[in-house]
Structures are given as structure tokens and as C-alpha cells.
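Dropping a structure here in C-alpha cells format, bear with me for questions.
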Amino acid sequence: MDPKNASAFNSRGIIKKSKGDLDGAISDFNSAIEINPKLALAYKNRGEAKQVKGDAAGAKADLKRAGELDPQLRDEESSADSSDRGIAKGKEKQSPGSAKTIEDFFNRAIAKKAAGDFDGAIADYDRAIQLDPKEAAIYNNRGLAKQAKGDLDAAIVDFNRAIQLNPKDAAIYNNRGLAKQAKGDLDAAIVDFNRAIQLNPKDAVAYSNRGNTKGDKGDLDGAIADYNRAIRLDSKYAVAYYSRGLAKKQKNDLDGAIADYNRVIELDPKFAKAYCDRGVAKRRKGDLDGAISDYNRTVELDPKYAIGYNNRGNANDEKGDLDGAIADYNRAIELDPKYATAYFNRGNAKNEKGDLGGAIADYNRGIELNPKYADAYNNRGAVKGIKGDVDGAIADYNHAIELNPKNADAYYGRGLVKKHKSDLDGAIADYNRAIELDPTYALAYSNRADVYATKKDYGAAVNDIRRAIEFEPKNGDYYLSLAWYQLFNRKPHEAIAASLKALQLSPNDAVVIKTNLAHGYLFDNQFDKAKTIYLENKDAKLHDDERTFSQAALDDFKEFQDAGITHPDMEKIKVLLTAKTQTP
């Protein structure tokens, strides 16, 4: 099953629900909603499943949300199910051997569908059709019941018949368009929405539905144009503002998205999803506190909304509150034990805390739930690499690349592992591919530079580290590396300049940076400056290293000599560094 196909999860949820697996059904509806927060049927189906489980409050919230997203589903039934779109009055044929009328079967079917008894509803619509095979509304409503059951093809057949009987009913075209959209037949869905709009040019819902479908096709500008039209027709249509906000967020117009979410919240202060998505936009803008505030409101309005806890966990993670993040992911998983993304995110937080075993366990579970989860394979590969499981890491990166050949991170990670295995050419090939996919990938340039330096190609190393600096000009480590490569490139003056810049950007690494600076002055024939730095830092400890400055400098001299780089004053410096420090 396509892990990005909301309709597939919705349909599978319907099947699970029909088999009595309500928890499994709700999990699938959750996944459908996470992938496509505008899929009204998924909210409706989840609400009906909650209703059967006895979660009246949760059912009410979901059914209300379904009606907000698609007014045809309002009050737990579509507009075609409502009395004003019922069968015509006066059609009171009695079924053979009973006192029941067409309206009795019709109305009982509506009640059964609302209770989640789709088969019972369909059976009653069947009897109504036997009594009056030319009533479009019955075919339409039976189509809606089949659609709710996940039988989209049969639903479309019923909508086709309804349209034959009543070709000027815009709502039926709209319903058929929704079924086609759910099937992934987006172009055909748009044709139906076009016809619905042609028949009823003031139908804001049809414009909104067409906008959703254009968004699914990647035509965000076209989608926004349709949402604009829907809003002009109904300035209080909260769902249209919400959908437009989602499209703007996809276009990275975060301020525009936030403005639309603000309007949604003005119109409906209890629209939990609007707070959640506004939180996402704020997080992307770097406003983590604002995002967390919105996520807090989301879970306050809907305490069982797993996505809200997951998103708050992401914001807490970015703030460095790993324990808070893990607590949120735990809650999301408690609410939805099949929420693969929450396991993945919790794995990331555990990795950051150094709990590598816990991270791998969470990635394993994410992959069990979603075997096509490329990012989970990628991150599990990274952790395996840290643990020294080189072959396991490469296997995971291979799988990540197989699932997503455009995943630059997977090529980068595999390059790191290949370098660790001394497969330098293989590492360079992977870094090359990562850079092809993302020409601004500073770390890929930096690590490729390191491999070139290992291969003694210092000119290529200098070029790559300069590219890394171009994309991350405030990274002191890159200037430290540049200074080192320039020393081997026999350009001490450039090494001095890079070291001075590194000192400015990374003062905490001053001791190791000063080794390069001292070497630069030595090779640039500025002996007194070099001597001063060597002596002043002689006994200093390197940051994150057990060695002293003197030990590091002497190790460097050996590398220089192995590379054929020497200086007449190098022996004098060695004597100074190895002499015992006089105590006063």
C-alpha cells in the first residue's frame, strides 16, 4: 500500500471496521487524516468507529469536523441524505407483504448509515430501488453508503445511474467527483466538479473540492484560486480558509498560511486542526514557543488527537527539551499504537539523548508499521554506523535509496560509512550523488573534502571546503579544515587567514585552532609569532581530545614530514615543545 495514499488508509480502515477491528480502523483513519487533513470521509468514518466504541465525545468531534470539511456530510449524513434531498413526496408504494413505504426504507437506510451499518443501509436502499427504480436520490444515497464502505467502484456506478436519471443535480456530480478523487482519478474528479459548478455556479463546496483535487495534483496556484472563489461565495466558509492555508504552507508562504489559520480560528475557535497547522507554520518560521502554544490548544480541544502530541514533541525536540519531546511521542503512541511517524520521531529523540538501542527499537517499529518508510531506514542506518555495525548501516542506506532514489541524506550517510570502511572512491561517488540531488549540501562538500585530503588531493579538498563555507559561512569547523588543507597545499598565508576566522567563529576550539595558526606562521617564516603561540599553549588541553597542544603539534609535524613538508625551524619548535615546563 502506498504510504502517502490517504484514500488507501481510509479504505483499509473501512474494511477493518466492517470486521469489528475498531482500533485498527481508527488507526488507519488517523493515518489517512495525517496524510490528507482535508479528507472529510476519514473524519466521518473515524467518528462512526468511535461511536460504535462508545466514545460519544470523540465521535461528535469527528462528525462535526467532517461536516466542516464537507457540508454534505454535516449532521452525520450527506446533503443527499437529508430530507430536502429525499425522495419525492407521494411515492408511497408499499413493499409486497408489508406496510413499509419507499420512504420507510429510505429513512431507515439513512439511520443505518449514520450508525455505521453500511451493509444494512445498502440493503434498505436496494429495497427502495426495487419499489422505485427511477428515483435518482436513492441511487445517490446508496452510492454514498458504498463509498463510506470503501467500495468506490460500486459507488461510482450508483452515481452514474443517479446522473442518468437526474442529469442536472449538481450534488450528485460533486459526490461522484469525491469518489473519483478518493480513487486517485484526479482529472476525472475535476471534470465532475466542473460540471457541478456549471450547474450551480454559487456552490462554494464544489469550488473547495475542486481546489482540494488540484492541490492533490500539485497545482497549488489553481487550488488557491478555487479556494479564493469559495471564500468570495461564502466569506464565513472556515474550511476553505483552512484548505487555502494548507496550500500556502506547501508553497512556503508561511505568513499567508498563518493569516488563513487565524481567520479559521476567528470563525471557529474550536477548530483544533487549524491550531495544529498554525503551529506547524510557526515552527517552520522558528517561533517554537508560538508553535507549542498552538499545539497545547490543539490537544486541549482534542485530547485524543495523536498528531497534536507528535507535533508538540517535534517542537520540544527543536528547543532541546528531549524528555518533554519523548513524553509527547509516548502519548501519541499511546493514543495510536500504529502511528509510525511518532515511533520515528521518538527514535530521533532517543538518538539525540545517546540511547542508541532505544532509537533502533523505535526505528524497527516504525519500519514494521510502514515497510516503505525510507527516512526510518536512513536514520536507523546512521545509528548502526555510530554503533559500529558498518554492514548493517550500508544495508539500511541501500534500502532507503531503493525506496527514495532522491534522498540526498541516504547517499551522504552511506558515504560516511564507506569512508569508515576505507572505500574512498565509493564514498566520493555517494557524496557526488548527494550533491547532485542537493547542490547546497554543505556537509556533503565538507566530508568529500576530507576524503580528498585522505587521498592527498589537497587542491580538491580546498575547493570543496570552500563550497561548504559558501553555504554555511558561520561554521568555524569548516575554516579549521580549510586551514589544515592549506598547510598541506603549501599555502601557509591562506592557512593563517582561515585559522584567524575559525578563532573568531569557534572560540571554544581555540587550542586546536591555534595549532594550525602556529604551523601557518612557522611555514610562513614568521618564527617569533609561531614560537609565541607554541609556548603559550604548550600544556593546554585540546577541547574534546585527551592530548595536549604539544602532543597534537608533534603529531602534526610527523604528518607534515610524511607528506614531504618541512621547515628549517621545525626542529627548534620540537625542542621547545618537548622541554619540561619550568615551575616557578
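The values are calculated or read from the model by the stated rules, or taken from the named source; none is laboratory data. For clarity, every value in this text was computed on a predicted model and none was experimentally measured. All Cβ positions, glycine included, derive from the backbone under ideal geometry; neighbour counts span all protein chains shown.
Looking at (1) among the small types (Gly, Ala, Ser); (2) more than 19 Å from Ser208 (Cβ to Cβ); (3) surrounded by fewer than 22 Cβ atoms within 10 Å (Cβ to Cβ), which is the one condition that is false for Gly279?
For Gly279, the exception is condition (3).
Out of the residues in the range 186-223 meeting the condition of being of a type in the set (Lys, Arg), surrounded by fewer than 22 Cβ atoms within 10 Å (Cβ to Cβ) and farther than 20 Å from Phe159 by Cα, tell me which one is farthest from the chain's Cα centre (by Cα).
Within the range 186-223, the first condition is being of a type in the set (Lys, Arg), and the residues that meet it are 195, 202, 210, 214, 217.
Filter again for surrounded by fewer than 22 Cβ atoms within 10 Å (Cβ to Cβ), leaving 195, 202, 217.
Imposing the further condition that a residue be farther than 20 Å from Phe159 by Cα reduces the set to 202, 217.
Numbers: Lys202: 35, Lys217: 18 Å.
Top of the filtered list is Lys202.
Next question. Restricting attention to the range 393-412, report how many residues are closer than 22 Å to Glu368 by Cα and assigned to a helix (DSSP H, G or I).
Matching residues across the range 393-412 total 13.
Same structure, new question: Just to be sure before I move on: is Arg414 surrounded by 17 or more Cβ atoms within 10 Å (Cβ to Cβ), among the basic types (Lys, Arg) and under 25 Å from the mean Cα position of the chain (by Cα) in the structure I sent?
yes
Scan the range 319-334 and report the pairs whose first residue is under 16 Å from Ala291 (Cβ atoms) and whose second residue is exposed (fewer than 14 other Cβ atoms within 10 Å of the Cβ) and among the polar types (S, T, N, Q), with Cβ atoms within less than 6 Å and a gap of 6+ or a chain change.
Listed by first residue and then by second, the contacts come to nothing, as the list is empty.
Of all residues in the range 105-139, how many are farther than 22 Å from Ala59 by Cβ and either within 39 Å of the chain's Cα centre (by Cα) or hydroxyl-bearing (Ser, Thr, Tyr) (or both)?
2
For the condition more than 15 Å from the chain's Cα centre (by Cα), among the β-branched types (Val, Ile, Thr) and buried (at least 21 other Cβ atoms within 10 Å of the Cβ), what is the one hit in Ile307, Ile326? Let's see the steps before the verdict.
Values: Ile307 fails: more than 15 Å from the chain's Cα centre (by Cα).
Only one candidate passes the filter, namely Ile326.
Please find, within the range 149-185, the residue that is surrounded by the fewest Cβ atoms within 10 Å (Cβ to Cβ) out of those that are among the charged types (D, E, K, R) and part of a loop (DSSP other than H, G, I, E, B).
Only one residue fits best here, namely Lys168.
If we keep just the residues of the range 2-29 that are assigned to a loop (DSSP other than H, G, I, E, B) and of a type in the set (Lys, Arg), which is modelled with the highest pLDDT?
That would be Lys4.
Can you go through Asp556, Asp524, Asp539, Asp509 and tell me which one is touching a residue at least 12 places away in the same chain (Cβ under 8 Å), in contact with a His (Cβ under 8 Å, 6 or more places away or on another chain) and farther than 19 Å from Asp477 by Cα? Break it down stepwise before answering.
Values: Asp556 fails: farther than 19 Å from Asp477 by Cα; Asp539 fails: in contact with a His (Cβ under 8 Å, 6 or more places away or on another chain); Asp509 fails: farther than 19 Å from Asp477 by Cα.
Exactly one residue qualifies, and that residue is Asp524.
Moving on. Give the residues of the range 277-289 that are part of a loop (DSSP other than H, G, I, E, B) and acidic (Asp, Glu), sorted by residue number.
The answer is Asp287, and nothing else.
How many of the residues in the range 350-387 are under 15 Å from Tyr329 (Cα atoms), of a type in the set (Asp, Glu) and out of contact with any Phe, Trp or Tyr (no Cβ under 6 Å at 6 or more places or on another chain)?
The total comes to 1.
Moving on to the next point. Pairs please, first residue from the range 207-235 and among the β-branched types (Val, Ile, Thr), second anywhere and surrounded by fewer than 21 Cβ atoms within 10 Å (Cβ to Cβ) and at pLDDT below 95, Cβ atoms under 8 Å, 6+ apart in sequence or on different chains.
That search, which allows pairs on different chains as well, returns nothing.
Tell me yes or no: at least one residue of the range 525-537 is closer than 21 Å to Gly459 by Cα and surrounded by fewer than 18 Cβ atoms within 10 Å (Cβ to Cβ).
Just the residues of the range 525-537 that are closer than 21 Å to Gly459 by Cα, to begin with: none.
No; the residues of the range 525-537 include none that is closer than 21 Å to Gly459 by Cα and surrounded by fewer than 18 Cβ atoms within 10 Å (Cβ to Cβ).
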